[in-house]
Amino acid sequence: MERGRLFQRRRVCRFCHDSTPLDYKDAGLLRNFLTERGRIIPRRTSGNCLRHQRRLTVAIKRARQIALLSFAEE
């Protein structure tokens with residue numbers, strides 16, 4: 001009995017594909033990349049490319065500093 005390979009499609013970076021601007025003031029967009037506990041979703045899960053994941057992390061941290069996003073949820 002041969003087992004079939006599990007093939008998962010590579011996720012496409014949302015920011016590369018749609019050329020969506022990444023801005024720290026857009027809290028609604030940044031919340032999509034946070035867990036319920038307030039942690040940043042990793043690149044392998046979100047499907048972002050390395051360049052945009054780094055920019056996303058910086059944008060989330062900036063938004064937290066000026067209180068647009070919370071550091072942790074209760």
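Structural remarks
- Karplus-derived 3J(HN,Hα), 6.51/-1.76/1.60, for each residue of the range 57-67, Hz, glycine and proline x: 4, 5, 5, 5, 5, 5, 5, 5, 5, 9, 6
- Alpha-carbon centroid distance for the pair the range 54-71 / the range 28-50, whole angstrom: 12
- Within the chain, helix-based [θ] at 222 nm, where runs of 4 or more DSSP H residues each add -39,500 (n - 2.57), nearest 500: -10500 deg cm²/dmol
- The dipole here belongs to the chain: it is taken about the Cα centre, uses +1 on the Cβ of Lys and Arg and -1 on the Cβ of Asp and Glu, and is about 400 debye.
- The chain - convex hull of alpha carbons, volume per residue in Å³: 103
- Residue order, fewest to most beta carbons within 10 Å, for Leu50, Leu30: Leu50, Leu30
Laboratory data are not the source of any read-out in this text; all were calculated from the coordinates shown. None of the values given here were measured: they were computed from a predicted structure. Neighbour counts run over all protein chains shown; Cβ positions are idealised from the backbone, glycine included.
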